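What follows is a short report on a single structure.
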Ligand SMILES: [Zn+2]
């Protein structure tokens, strides 16, 4: 269903489709492949590409390594084209990156912080503002991943850091004119996995992201399911690991108490909590087989329970989860299998490491920005802002907790 009824509307619609296809394939397909994929006439594709190049949205490069025939062109990001500023705010540091259409990502800055909302977000806001001034109208938006549930409007709670209803857009202080997508790190990692990783093309997948604790989300047809208010999928706060310790979230026996950097630290008797101790936890991961096996077993038990509930085709692990699987995969599987219902044991779920390593949350933040940009309205705004000459003429502010809840199908 296109909804396009006039030739002008159809052209606007096809511009979005073509840019979306270029972005989703990582700017790796030739113009003729894209033309076929999208069912376009060759002449139509030529006109579209020329128009998008004129608007500095696309730039074509000759494909490498073709010895015979006509040179073929690969549409990719324009050197003066739109970029997403993507941020992964972890409990102890943030990472800020510039991402082009197609997904190529350049890390710009990394900033350790003290774990307080002001200590984390004020310097980050200054860094984002400086890059926004440098890049001008090219900034399509800012995507921010955070390690806690995010409510609509960008309010974040991170229990073990003492963050309660922290207004992320306000503390970043970017002012009007900057579209911001604020989202949960696990949900963003899952979105990236669905777009560019192991969950691509998977109908029902379960993604688990482990850092200081564990978070998880079910991904259905490429979309993380986050509940009506954006705060669902808190699998780390379900009693899946068999423990009974009180959690900073207010519940008792949360799975997140037994899986992640905090659990590794606790296992060897080191201080834990408050987002501190990453280096020590990495040392424990590398040296204590017992602590690693305990974490892998707790992870496996919880995976079994979630598989019983959701019947995913594949379970993907990112962050420390992938490292636990690599270091203690047998313990993980051995703990998972007894927890599976007998009807599932003939075909236990595939448990795989993320294809994106630690970058999933950052890439998901980028996807959320481009999801809002790669629309007829987003491209129209681009055209107007380009004409007006840059960042001093903002058209709107748009704060979302993510774009998952909206229908992005085109
Ligand atoms: Zn909890």
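The values are calculated or read from the model by the stated rules, or taken from the named source; none is laboratory data. On a predicted model such as this, the values are computed, not experimentally measured, just so you know. Here the Cβ is made from the backbone with ideal geometry for all residues, glycine too, and neighbour counts use every protein chain on show.
Couple of notes before you dig in:
- Residue list for segment 197-206, restricted to those being closer than 18 Å to residue 367 by Cα and exposed (fewer than 15 other Cβ atoms within 10 Å of the Cβ): 200, 201
- Scope segment 207-234; condition surrounded by fewer than 24 Cβ atoms within 10 Å (Cβ to Cβ) and within 15 Å of the ligand (Cβ to nearest atom); matching residues: 231, 232, 233, 234
- For segment 138-162, a residue qualifies if it is assigned to a helix (DSSP H, G or I) and at pLDDT below 95, and the qualifying residues are 159, 160, 161.
- In segment 31-47, of all residues being within 30 Å of the chain's Cα centre (by Cα) and buried (at least 18 other Cβ atoms within 10 Å of the Cβ), the one that is nearest to residue 78 (Cα to Cα) corresponds to 31.
So that you can scan it fast, the table gives a plain yes or no per residue for (1) surrounded by fewer than 19 Cβ atoms within 10 Å (Cβ to Cβ); (2) in contact (Cβ under 8 Å) with a residue 12 or more places away in the chain; (3) part of a helix (DSSP H, G or I):
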| residue | (1), (2), (3) |
| --- | --- |
| 315 | no, yes, no |
| 322 | no, yes, yes |
| 329 | yes, yes, yes |
| 332 | no, yes, yes |
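- Hits in segment 203-217 - residues which are touching a helix residue (DSSP H, G or I) at 6+ places or on another chain (Cβ under 9 Å) and not in a strand (DSSP E or B): 211, 212, 213
- Counted residues, segment 341-387 - those being farther than 28 Å from residue 53 by Cβ and part of a loop (DSSP other than H, G, I, E, B): 9
- Condition check for residue 200: part of a helix (DSSP H, G or I), modelled with pLDDT of 95 or more and either within 30 Å of residue 84 (Cβ to Cβ) or away from the ligand (no atom under 16 Å from the Cβ) (or both): no
- From the list 93, 12, 50, 97, the lone residue that is in contact with a strand residue (DSSP E or B) (Cβ under 8 Å, 6 or more places away or on another chain) and surrounded by fewer than 19 Cβ atoms within 10 Å (Cβ to Cβ) is 93.
- Among (1) in contact with a helix residue (DSSP H, G or I) (Cβ under 8 Å, 6 or more places away or on another chain); (2) modelled with pLDDT of 95 or more; (3) over 22 Å from residue 215 (Cβ atoms), the one test that residue 100 misses: (1)
- Qualifying residue in segment 57-71 (condition: under 27 Å from residue 138 (Cβ atoms), at pLDDT 95 or above and buried (at least 20 other Cβ atoms within 10 Å of the Cβ)): yes
- Any pair with Cβ under 9 angstrom, 6 or more apart, that starts in segment 234-261 at a residue that is in contact (Cβ under 8 Å) with a residue 40 or more places away in the chain and on the phi > 0 side of the Ramachandran plot and ends at one that is near the ligand (Cβ under 9 Å from one of its atoms) and assigned to a loop (DSSP other than H, G, I, E, B): 242/253; 260/213
- In segment 244-257, residue surrounded by the fewest Cβ atoms within 10 Å (Cβ to Cβ) [restricted to those that are within 11 Å of the ligand (Cβ to nearest atom) and assigned to a loop (DSSP other than H, G, I, E, B)]: 250
- Restricting attention to segment 162-181 and to residues that are closer than 26 Å to residue 218 by Cβ and crowded, with 23+ Cβ neighbours inside 10 Å, the residue that is farthest from the chain's Cα centre (by Cα) turns out to be 168.
- Subset of segment 97-130 (residues that are under 20 Å from residue 79 (Cα atoms) and assigned to a strand (DSSP E or B)): 97, 98, 99, 100, 105, 106, 107, 108
- Residues in segment 261-289 that are within 16 Å of the ligand (Cβ to nearest atom), touching a helix residue (DSSP H, G or I) at 6+ places or on another chain (Cβ under 6 Å) and either within 20 Å of residue 318 (Cα to Cα) or part of a helix (DSSP H, G or I) (or both): 261, 263, 275.
- Failed criterion for residue 184 (all others in (1) in contact with a helix residue (DSSP H, G or I) (Cβ under 7 Å, 6 or more places away or on another chain); (2) crowded, with 24+ Cβ neighbours inside 10 Å hold): (1)
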